[in-house]
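> Pasting in a structure now, in C-alpha coordinates, and then I'll have a few things to ask.
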Amino acid sequence: MKRSTEEKTKVLLVEDHAMFRERLALLISQDFDMTICGETDNIQEALEIVQSAKPDLALIDITLKGSSGLEFLKDLKAREINLPVLVLSMHEEALYAERVLAAGAKGYITKHESSQTLLRAIQCVIEGKVYLSEHMTETLLRKMSGQDVSSSAMKRLTDRELEVFQLIGAGRTTREIAETLRLGITTVDTYRTRIKEKLGLRNGTQLQHYASNCVQQGMAG
(Lines give C-alpha, C1' and ligand atoms only; values in the text may rest on other atoms or scores of the structure.)
Protein backbone atom coordinates (compact mmCIF):
# COMPACT_ATOMS: atom_id res chain seq x y z
CA MET A 1 0.00 0.00 0.00
CA LYS A 2 1.25 3.47 -0.85
CA ARG A 3 2.17 5.76 2.01
CA SER A 4 0.56 9.21 2.22
CA THR A 5 2.49 12.20 0.91
CA GLU A 6 3.12 13.36 4.49
CA GLU A 7 4.80 10.04 5.35
CA LYS A 8 7.01 9.81 2.27
CA THR A 9 10.69 10.70 2.24
CA LYS A 10 11.04 14.11 0.58
CA VAL A 11 13.82 14.33 -1.99
CA LEU A 12 15.29 17.50 -3.50
CA LEU A 13 16.81 17.16 -7.00
CA VAL A 14 19.59 19.53 -8.04
CA GLU A 15 20.65 18.71 -11.60
CA ASP A 16 21.26 21.12 -14.47
CA HIS A 17 20.37 18.80 -17.36
CA ALA A 18 16.58 19.04 -17.64
CA MET A 19 16.00 15.72 -19.41
CA PHE A 20 18.14 13.78 -16.94
CA ARG A 21 16.46 15.57 -14.03
CA GLU A 22 13.05 14.56 -15.38
CA ARG A 23 14.15 10.92 -15.59
CA LEU A 24 15.42 11.04 -12.02
CA ALA A 25 12.20 12.62 -10.79
CA LEU A 26 10.13 9.91 -12.51
CA LEU A 27 12.31 7.12 -11.11
CA ILE A 28 12.16 8.42 -7.54
CA SER A 29 8.45 9.23 -7.69
CA GLN A 30 7.69 5.64 -8.72
CA ASP A 31 9.06 4.46 -5.39
CA PHE A 32 6.17 4.17 -2.92
CA ASP A 33 8.22 5.62 -0.07
CA MET A 34 9.65 8.72 -1.78
CA THR A 35 8.39 11.93 -3.33
CA ILE A 36 10.07 14.87 -5.05
CA CYS A 37 9.61 18.01 -2.94
CA GLY A 38 11.52 20.27 -5.31
CA GLU A 39 13.88 20.32 -8.27
CA THR A 40 16.21 22.94 -9.70
CA ASP A 41 19.36 23.45 -11.74
CA ASN A 42 21.20 25.89 -9.46
CA ILE A 43 22.40 26.32 -5.89
CA GLN A 44 20.52 29.53 -5.06
CA GLU A 45 17.12 27.97 -5.76
CA ALA A 46 18.21 24.74 -4.07
CA LEU A 47 18.92 26.59 -0.83
CA GLU A 48 15.53 28.30 -1.02
CA ILE A 49 13.81 24.92 -1.48
CA VAL A 50 15.75 23.51 1.46
CA GLN A 51 14.36 26.29 3.66
CA SER A 52 10.77 26.05 2.40
CA ALA A 53 10.21 22.35 1.66
CA LYS A 54 12.46 20.82 4.36
CA PRO A 55 13.64 17.83 2.30
CA ASP A 56 14.86 14.65 3.97
CA LEU A 57 17.59 14.19 1.37
CA ALA A 58 19.18 16.11 -1.51
CA LEU A 59 20.39 14.37 -4.66
CA ILE A 60 22.79 16.80 -6.30
CA ASP A 61 25.02 16.81 -9.37
CA ILE A 62 28.66 17.73 -8.83
CA THR A 63 28.58 20.08 -11.88
CA LEU A 64 25.98 22.84 -11.87
CA LYS A 65 25.29 26.16 -13.58
CA GLY A 66 28.11 28.50 -12.61
CA SER A 67 28.96 26.46 -9.53
CA SER A 68 29.21 22.91 -8.20
CA GLY A 69 27.71 20.45 -5.77
CA LEU A 70 30.73 21.01 -3.56
CA GLU A 71 29.73 24.67 -3.18
CA PHE A 72 26.23 23.55 -2.18
CA LEU A 73 27.72 21.36 0.55
CA LYS A 74 29.83 24.25 1.80
CA ASP A 75 26.78 26.53 1.84
CA LEU A 76 24.80 24.00 3.88
CA LYS A 77 27.64 23.77 6.38
CA ALA A 78 27.96 27.56 6.64
CA ARG A 79 24.22 27.84 7.34
CA GLU A 80 24.40 24.95 9.83
CA ILE A 81 21.80 22.97 7.88
CA ASN A 82 21.91 19.27 8.60
CA LEU A 83 20.68 17.75 5.32
CA PRO A 84 21.87 14.34 4.05
CA VAL A 85 23.31 14.80 0.56
CA LEU A 86 23.99 12.13 -2.06
CA VAL A 87 26.26 13.42 -4.84
CA LEU A 88 25.57 12.20 -8.37
CA SER A 89 28.29 12.74 -10.96
CA MET A 90 29.57 11.96 -14.41
CA HIS A 91 33.11 12.00 -12.96
CA GLU A 92 34.87 8.86 -11.83
CA GLU A 93 34.38 8.12 -8.15
CA ALA A 94 38.05 8.08 -7.17
CA LEU A 95 38.54 11.68 -8.29
CA TYR A 96 35.76 13.14 -6.16
CA ALA A 97 34.42 10.73 -3.52
CA GLU A 98 36.97 11.61 -0.84
CA ARG A 99 36.56 15.33 -1.49
CA VAL A 100 32.75 15.37 -1.31
CA LEU A 101 32.75 13.24 1.85
CA ALA A 102 35.17 15.70 3.44
CA ALA A 103 32.78 18.51 2.45
CA GLY A 104 29.90 16.80 4.23
CA ALA A 105 28.19 14.55 1.67
CA LYS A 106 26.83 11.17 2.80
CA GLY A 107 27.49 9.39 -0.45
CA TYR A 108 28.78 9.51 -4.01
CA ILE A 109 27.45 7.66 -7.05
CA THR A 110 28.31 7.95 -10.74
CA LYS A 111 25.72 8.44 -13.46
CA HIS A 112 26.61 5.20 -15.23
CA GLU A 113 25.19 3.13 -12.35
CA SER A 114 21.84 1.36 -12.75
CA SER A 115 18.53 2.77 -11.51
CA GLN A 116 18.34 0.07 -8.84
CA THR A 117 21.82 0.94 -7.57
CA LEU A 118 20.83 4.60 -7.34
CA LEU A 119 17.71 3.72 -5.34
CA ARG A 120 19.80 1.56 -3.00
CA ALA A 121 22.24 4.45 -2.54
CA ILE A 122 19.39 6.83 -1.70
CA GLN A 123 17.94 4.36 0.81
CA CYS A 124 21.37 3.88 2.37
CA VAL A 125 21.79 7.62 2.95
CA ILE A 126 18.22 7.98 4.24
CA GLU A 127 19.01 5.30 6.83
CA GLY A 128 21.90 7.41 8.09
CA LYS A 129 24.67 5.39 6.43
CA VAL A 130 27.38 6.47 4.00
CA TYR A 131 27.17 5.15 0.44
CA LEU A 132 30.22 4.39 -1.70
CA SER A 133 30.87 1.62 -4.17
CA GLU A 134 32.67 -1.43 -2.82
CA HIS A 135 35.75 -0.53 -4.87
CA MET A 136 35.92 3.01 -3.50
CA THR A 137 35.40 1.83 0.07
CA GLU A 138 38.40 -0.49 -0.30
CA THR A 139 40.46 2.34 -1.82
CA LEU A 140 39.76 4.70 1.07
CA LEU A 141 40.44 2.01 3.65
CA ARG A 142 43.83 1.32 2.01
CA LYS A 143 44.65 5.02 2.18
CA MET A 144 43.65 5.22 5.83
CA SER A 145 45.83 2.24 6.66
CA GLY A 146 48.80 3.75 4.83
CA GLN A 147 48.86 1.11 2.12
CA ASP A 148 47.98 3.51 -0.65
CA VAL A 149 49.55 6.96 -0.67
CA SER A 150 48.28 9.31 -3.40
CA SER A 151 50.12 12.38 -4.62
CA SER A 152 49.61 15.44 -2.46
CA ALA A 153 49.89 17.57 -5.62
CA MET A 154 46.29 16.82 -6.57
CA LYS A 155 45.09 18.22 -3.27
CA ARG A 156 46.42 21.64 -4.26
CA LEU A 157 43.76 21.95 -6.93
CA THR A 158 40.56 23.81 -6.14
CA ASP A 159 37.24 22.06 -6.73
CA ARG A 160 36.75 23.77 -10.11
CA GLU A 161 40.34 23.11 -11.15
CA LEU A 162 39.81 19.44 -10.36
CA GLU A 163 36.74 19.38 -12.61
CA VAL A 164 38.74 20.92 -15.46
CA PHE A 165 41.63 18.50 -14.80
CA GLN A 166 39.31 15.49 -14.93
CA LEU A 167 37.82 16.60 -18.23
CA ILE A 168 41.28 17.17 -19.69
CA GLY A 169 42.15 13.63 -18.64
CA ALA A 170 38.99 12.37 -20.34
CA GLY A 171 40.24 13.87 -23.61
CA ARG A 172 37.91 16.89 -23.78
CA THR A 173 39.03 19.96 -25.74
CA THR A 174 39.04 23.43 -24.20
CA ARG A 175 35.82 24.29 -26.04
CA GLU A 176 34.14 21.08 -24.85
CA ILE A 177 35.21 21.77 -21.26
CA ALA A 178 33.83 25.29 -21.52
CA GLU A 179 30.49 23.96 -22.77
CA THR A 180 30.31 21.23 -20.13
CA LEU A 181 31.08 23.55 -17.21
CA ARG A 182 29.32 26.58 -18.75
CA LEU A 183 32.47 28.66 -18.64
CA GLY A 184 34.16 30.94 -21.14
CA ILE A 185 37.03 29.53 -23.20
CA THR A 186 39.39 32.16 -21.74
CA THR A 187 38.36 31.09 -18.23
CA VAL A 188 39.13 27.45 -19.03
CA ASP A 189 42.54 28.49 -20.41
CA THR A 190 43.20 30.32 -17.14
CA TYR A 191 42.33 27.19 -15.18
CA ARG A 192 44.65 25.12 -17.39
CA THR A 193 47.49 27.55 -16.65
CA ARG A 194 46.86 27.40 -12.89
CA ILE A 195 46.72 23.59 -12.96
CA LYS A 196 50.03 23.38 -14.81
CA GLU A 197 51.64 25.73 -12.27
CA LYS A 198 50.31 23.83 -9.25
CA LEU A 199 51.33 20.44 -10.64
CA GLY A 200 54.72 21.63 -11.89
CA LEU A 201 53.99 20.82 -15.53
CA ARG A 202 55.75 22.72 -18.33
CA ASN A 203 53.21 22.60 -21.15
CA GLY A 204 49.85 21.39 -22.39
CA THR A 205 51.23 18.08 -23.61
CA GLN A 206 52.54 17.19 -20.15
CA LEU A 207 49.21 18.27 -18.63
CA GLN A 208 47.24 16.08 -21.05
CA HIS A 209 49.47 13.08 -20.41
CA TYR A 210 49.43 13.47 -16.62
CA ALA A 211 45.67 14.09 -16.46
CA SER A 212 44.99 11.07 -18.67
CA ASN A 213 47.12 8.82 -16.46
CA CYS A 214 45.45 10.08 -13.29
CA VAL A 215 41.96 9.46 -14.67
CA GLN A 216 42.92 5.96 -15.85
CA GLN A 217 44.49 5.08 -12.50
CA GLY A 218 41.67 6.62 -10.46
CA MET A 219 43.94 8.96 -8.52
CA ALA A 220 42.03 10.58 -5.65
CA GLY A 221 41.53 14.32 -5.55
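> Using a 10 angstrom cutoff on alpha carbons, build the Gaussian network for the chain and name the most mobile of GLY169, GLY200, GLY38.
Among GLY169, GLY200, GLY38, the largest mean-square fluctuation in the Gaussian network model of the chain belongs to GLY200.
> Mind checking which of PHE72, PHE165, PHE32 has the largest fluctuation in a GNM of the chain, springs on alpha carbons under 10 Å?
Evaluated over the chain, the most mobile residue of the options is PHE32.
> Which of the aspartates and glutamates could be linked to LYS129 by a straight reach, that is with a Cα gap under 17 Å, when you skip same-chain ones fewer than 8 residues away?
Straight-distance partners of LYS129: ASP56, GLU98, GLU138.
> Accessible area per residue for segment 168-207 in Å², computed with a 1.4 Å probe and the full protein assembly in place, what is it?
Numbers: 2310 Å² over 40 residues.
Heavy-atom SASA per residue in segment 168-207 reads 58 Å².
> Just from its helices, what would the mean residue ellipticity at 222 nm be for the chain, if runs of 4 or more DSSP H residues each count -39500 (n - 2.57) and the sum is divided by every residue, rounded to the nearest 500 deg cm²/dmol?
Here the helix-only value at 222 nm equals -16000 deg cm²/dmol.
> Full extension from GLU45 to MET19: what is 0.36 nm times the residue separation minus their Cα-Cα distance, to one decimal in nm?
7.5 nm
> On to the next question. Over 25 Å between Cα atoms, which of LYS10/LYS106; LYS111/LYS196; LYS77/LYS198 qualify? Could the numbers behind the result be given before it?
Working: LYS10/LYS106 16 Å; LYS111/LYS196 29 Å; LYS77/LYS198 28 Å.
Among LYS10/LYS106; LYS111/LYS196; LYS77/LYS198, the Cα-Cα distance tops 25 Å for LYS111/LYS196; LYS77/LYS198.
> Looking only at GLN166, GLN30, GLN208, which one moves most when the chain is put into a Gaussian network model with springs between Cα atoms under 10 Å?
Among GLN166, GLN30, GLN208, the largest mean-square fluctuation in the Gaussian network model of the chain belongs to GLN30.
> I've got another one for you. Quick one: helix 185-199 against the long Cα principal axis of the chain, what's the angle to the nearest 10°, folded into 0 to 90?
Value to nearest ten degrees: 70.
> Which one of LEU118, ALA58, TYR108 has its Cα pushed farthest toward the positive end of the charge dipole of segment 55-141, where Lys and Arg give +1 and Asp and Glu give -1 at the Cβ?
ALA58
> Quick check for me: using +1 on Lys/Arg Cβ and -1 on Asp/Glu Cβ, what's the dipole size of the chain about its Cα centre, in debye to the nearest 20?
The calculation lands at about 600 debye.
The values are calculated or read from the model by the stated rules, or taken from the named source; none is laboratory data. None of these values were measured; they are calculated from a predicted model. Cβ atoms come from the backbone with ideal geometry, glycine included; neighbour counts cover every protein chain shown. Ligands, DNA and RNA are excluded from the accessible area calculation, which covers all protein heavy atoms including side chains. Shrake-Rupley method; radii C 1.70, N 1.55, O 1.52, S 1.80 Å.
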